[in-house]
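S.K.: This is the structure I have questions about; it appears just below.
The values are calculated or read from the model by the stated rules, or taken from the named source; none is laboratory data. On a predicted model such as this, the values are computed, not experimentally measured, just so you know. Ideal geometry is used to build each Cβ from the backbone, glycine not excepted, and the neighbour counts take in all protein chains shown. Only protein heavy atoms, including side chains, enter the accessible area calculation; ligands, DNA and RNA are left aside. Shrake-Rupley method; radii C 1.70, N 1.55, O 1.52, S 1.80 Å.
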Amino acid sequence: MQFFEFTEEQEMLRKVVRDFAKSEVAPNAADWDEEDRCPAELFPLLGELGINGIFAPEEFGGTGLGHVERAICLEEISRYSGGLGIALMTHQLAIAAILYYGNEEQKSKYLPDLCSGKRIGGLSVTEPGGGSDFIGQKATGEEKDGNWLINGRKCFITNSSVADIDIVTVRTGEDEKGRVQLTAFVLDQDTSGRSVGRKEHKLGLRGSVTGDVIYNNAEVESDRILKGLGAGAQIAMASISEVGRAGMAAICTGILRGCLEESIKFSKERVLYGKPISKLQGIQFILAENKLDYDTASLLLYRAAAMKDAGKSCATEFAMAKLHATEAAVNAAKRTMDLMGGYGIINEYPVGRFMRDALASIPSGGTSAIQKIIIAASVLK
Ligand SMILES: Cc1cc2nc3c(=O)[nH]c(=O)nc-3n(C[C@H](O)[C@H](O)[C@H](O)COP(=O)(O)OP(=O)(O)OC[C@H]3O[C@@H](n4cnc5c(N)ncnc54)[C@H](O)[C@@H]3O)c2cc1C
């Protein structure tokens with residue numbers, strides 16, 4: 001067993017992204033939240049920094065690094081804005097789906113623009129019938145005269161109205177054993193018959209758009225199919241398990257660091273009984289718990305990300321990282337609000353936003369119950 005530490009290059013990357021987050025994200029995060037506006041204009045800048053396609057090879061416009069580096073970037077950005085964090089992480093879900101399941105032509109066609117941030121991506125899987133009932137999706141794809149007609153409605157879709165590239169899974173029939181066959185298609189934003197529906201007014205992760213995407217005889221050619229007919233379940237599952245949950249774990253690890261740093265700062269500045277409250281043992285217990293939650297979330301996250309980079313199976317590890325980080329972030333935000341007394345509920349401080357963002361992170365990528373089912377299945381195997 002080796003001692004876990006980041007390489008010098010990873011520490012340098014962290015510093016660059018932290019500087020970016022402090023100058024471009026921190027000063028605007030509260031406004032994006034208040035206005036519920038996705039700062040889509042930042043994506044080209046994220047592209048210049050090599051963040052969008054950090055795990056994609058350079059030949060497709062990526063940076064040629066891995067998922068540990070991706071988690072570092074998402075943690076640093078989400079330290080200040082979970083909303084931008086989830087918009088970026090979902091954009092990277094689309095990059096991952098095309099990178100891991102697209103053919104050479106599809107990769108060359110879509111990845112350079114997605115990595116540069118010229119175009120934004122999204123992944124449309126969830127339907128009103130229930131996100132947990134993944135295989136019960138009702139949207140359909142039907143072949144007609146060599147093209148495909150897509151019909152149905154997807155809901156809770158991050159980047160719904162800002163995405164230029166939409167990866168959607170639909171039913172395209174049944175396999176020989178009568179099981180539902182899902183297929184993944186890559187659609188352009190302006191595909192005829194595709195439109196964006198209602199935008200949700202969310203409690204948290206505001207500053208990312210979440211809404212419906214509607215397909216009404218949306219017509220595409222068969223070269224828009226990723227990997228092949230019937231590969232949609234595998235593509236969506238692997239993307240959500242190893243890229244989506246990884247992203248949510250990294251976002252909440254960033255929120256946990258925010259709680260830790262804000263609690264240290266506030267407790268050193270707030271004076272009661274003639275001394276900073278950091279001298280009170282009850283307050284020190286809160287700081288200790290915030291530190292413990294941040295470190296355990298980091299260890300689970302970066303272990304899973306290192307396993308992904310090493311090509312090992314890591315779905316259970318990401319389920320654990322996501323479950324722990326999201327639930328711990330809610331607890332840490334509540335604890336930090338308690339530590340701050342009345343100031344905890346004042347919007348000048350970011351901690352109330354951390355609480356809302358952490359709560360909104362729990363269902364995204366599968367609820368806590370679903371993560372527990374995955375973990376339990378693994379230990380019972
Ligand atoms: C901020 C945000 C962003 C999102 N972005 C996207 C996106 O970009 N693309 C996308 O496709 N989806 C996205 N989603 C949807 C997300 O994946 C779903 O919300 C999630 O899968 C849960 O589905 P549901 O909301 O329909 O809840 P349901 O599936 O209806 O679950 C309802 C309740 O039943 C429980 N439950 C379900 N099954 C079981 C079981 N077997 N045992 C015990 N309890 C169970 C759940 O834990 C929950 O408490 C996003 C969601 C949010 C909140």
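S.K.: Applying the selection to the stretch 128-150, what residues are near the ligand (Cβ under 8 Å from one of its atoms) and in contact (Cβ under 8 Å) with a residue 12 or more places away in the chain?
M.R.: PRO128, GLY131, SER132, PHE134, listed by residue number.
S.K.: Can you give me the ranges of the strands (runs of 3 or more DSSP E) entirely in the stretch 158-204 with at least 2 residues that are buried (at least 24 other Cβ atoms within 10 Å of the Cβ)? Even if it seems obvious, please write down each step before you answer.
M.R.: On the way: elements: 165-174, 180-188, 194-199.
So the answer is 165-174, 180-188.
S.K.: Taking the conditions exactly as written (within 16 Å of the ligand (Cβ to nearest atom), farther than 25 Å from GLU35 by Cα, open to solvent by 20 Å² or more (accessible area, probe 1.4 Å) and among the aliphatic types (A, V, I, L, M)), does ILE95 satisfy them or not? If you could, list the steps in order and put the result at the bottom.
M.R.: Details: within 16 Å of the ligand (Cβ to nearest atom): yes; farther than 25 Å from GLU35 by Cα: yes; open to solvent by 20 Å² or more (accessible area, probe 1.4 Å): no; among the aliphatic types (A, V, I, L, M): yes.
Here the answer is no, as ILE95 does not meet what is asked.
S.K.: Across the stretch 240-271, which residue is least open to solvent (accessible area, probe 1.4 Å) among those that are more than 28 Å from the chain's Cα centre (by Cα) and over 12 Å from MET340 (Cβ atoms)?
M.R.: The extreme case among them is VAL271.
S.K.: Sort through ILE240, ILE251 and tell me the only one that's within 14 Å of the ligand (Cβ to nearest atom), assigned by TED's automatic domain parsing to the domain that holds ALA304 and farther than 22 Å from ASP31 by Cβ. Spell out how you get there, then give the answer.
M.R.: Working: ILE251 fails: farther than 22 Å from ASP31 by Cβ.
After ruling out the rest, the residue left standing is ILE240.
S.K.: Do the conditions hold for ILE167, that is, is it in the same structural domain as VAL180 (by TED's automatic domain parsing), in contact with a Leu (Cβ under 8 Å, 6 or more places away or on another chain), within 12 Å of the ligand (Cβ to nearest atom) and not aromatic (Phe, Trp, Tyr)? Walk me through how you get there before you give the answer.
M.R.: Details: in the same structural domain as VAL180 (by TED's automatic domain parsing): yes; in contact with a Leu (Cβ under 8 Å, 6 or more places away or on another chain): yes; within 12 Å of the ligand (Cβ to nearest atom): yes; not aromatic (Phe, Trp, Tyr): yes.
Spelling it out, ILE167 is indeed in the same structural domain as VAL180 (by TED's automatic domain parsing), in contact with a Leu (Cβ under 8 Å, 6 or more places away or on another chain), within 12 Å of the ligand (Cβ to nearest atom) and not aromatic (Phe, Trp, Tyr).
S.K.: All but one of (1) open to solvent by 30 Å² or more (accessible area, probe 1.4 Å); (2) without any contact (Cβ under 8 Å) to a residue 24 or more places away in the chain hold for ALA315; state the number of the condition that does not hold.
M.R.: (2)
S.K.: Check every one of the helices (runs of 4 or more DSSP H) wholly within the stretch 1-85 and list those with 1 or more residues that are at pLDDT 95 or above, open to solvent by less than 10 Å² (accessible area, probe 1.4 Å) and more than 21 Å from ARG257 (Cα to Cα).
M.R.: Working: elements: 8-20, 29-35, 43-48, 67-78.
Result: 43-48.
S.K.: Quick one: SER116 ticks every box in (1) within 15 Å of the ligand (Cβ to nearest atom); (2) closer than 30 Å to GLY254 by Cα; (3) open to solvent by 10 Å² or more (accessible area, probe 1.4 Å); (4) of a type in the set (Gly, Ala, Ser) except a single one, so which number is it?
M.R.: Every listed condition holds for SER116 apart from (1).
S.K.: Further question on the same structure: List the number of the failed condition for SER368; all other conditions in (1) of a type in the set (Ser, Thr, Tyr); (2) more than 14 Å from the ligand (Cβ to nearest atom); (3) over 22 Å from ILE264 (Cβ atoms) hold.
M.R.: With (1) of a type in the set (Ser, Thr, Tyr); (2) more than 14 Å from the ligand (Cβ to nearest atom); (3) over 22 Å from ILE264 (Cβ atoms) applied to SER368, the lone miss is (2).
S.K.: Okay, moving on. For THR90, all conditions in the list (1) outside the structural domain of GLU24 (by TED's automatic domain parsing); (2) among the polar types (S, T, N, Q); (3) within 12 Å of the ligand (Cβ to nearest atom) hold save one; what is the number of the exception?
M.R.: (1)
S.K.: Quick check: is even one residue across the stretch 299-311 touching a residue at least 24 places away in the same chain (Cβ under 8 Å), crowded, with 21+ Cβ neighbours inside 10 Å, more than 19 Å from SER378 (Cα to Cα) and within 27 Å of the chain's Cα centre (by Cα)? Break it down stepwise before answering.
M.R.: Applying the first criterion (touching a residue at least 24 places away in the same chain (Cβ under 8 Å)) to the stretch 299-311 yields 299-306, 308-309.
Then drop every residue that is not crowded, with 21+ Cβ neighbours inside 10 Å, which leaves 300-302, 304-305, 308.
With more than 19 Å from SER378 (Cα to Cα) added as a condition, the list becomes 302.
Then drop every residue that is not within 27 Å of the chain's Cα centre (by Cα), which leaves 302.
Scanning the stretch 299-311 turns up at least one residue that is touching a residue at least 24 places away in the same chain (Cβ under 8 Å), crowded, with 21+ Cβ neighbours inside 10 Å, more than 19 Å from SER378 (Cα to Cα) and within 27 Å of the chain's Cα centre (by Cα).
S.K.: Here's something else I'd like to know. Any idea which residue in the stretch 349-365 is surrounded by the most Cβ atoms within 10 Å (Cβ to Cβ), counting only those that are more than 9 Å from the ligand (Cβ to nearest atom) and either at pLDDT below 95 or among the small types (Gly, Ala, Ser) (or both)? Outline the logic, then answer.
M.R.: Kept after step one, since they are more than 9 Å from the ligand (Cβ to nearest atom), are these residues of the stretch 349-365: 349-359.
Then keep just the ones that are either at pLDDT below 95 or among the small types (Gly, Ala, Ser) (or both); that gives 352, 358.
Working: GLY352: 19, ALA358: 28.
Looking at the filtered set, the residue picked out is ALA358.
S.K.: Continuing with the same structure: Of the residues LEU229, LEU256, LEU260, which is among the hydrophobic types (A, V, I, L, M, F, W, C), part of a loop (DSSP other than H, G, I, E, B) and either under 22 Å from PHE55 (Cβ atoms) or touching a residue at least 24 places away in the same chain (Cβ under 8 Å) (or both)? Outline the logic, then answer.
M.R.: Details: LEU256 fails: part of a loop (DSSP other than H, G, I, E, B); LEU260 fails: part of a loop (DSSP other than H, G, I, E, B).
Exactly one of LEU229, LEU256, LEU260 is among the hydrophobic types (A, V, I, L, M, F, W, C), part of a loop (DSSP other than H, G, I, E, B) and either under 22 Å from PHE55 (Cβ atoms) or touching a residue at least 24 places away in the same chain (Cβ under 8 Å) (or both), namely LEU229.
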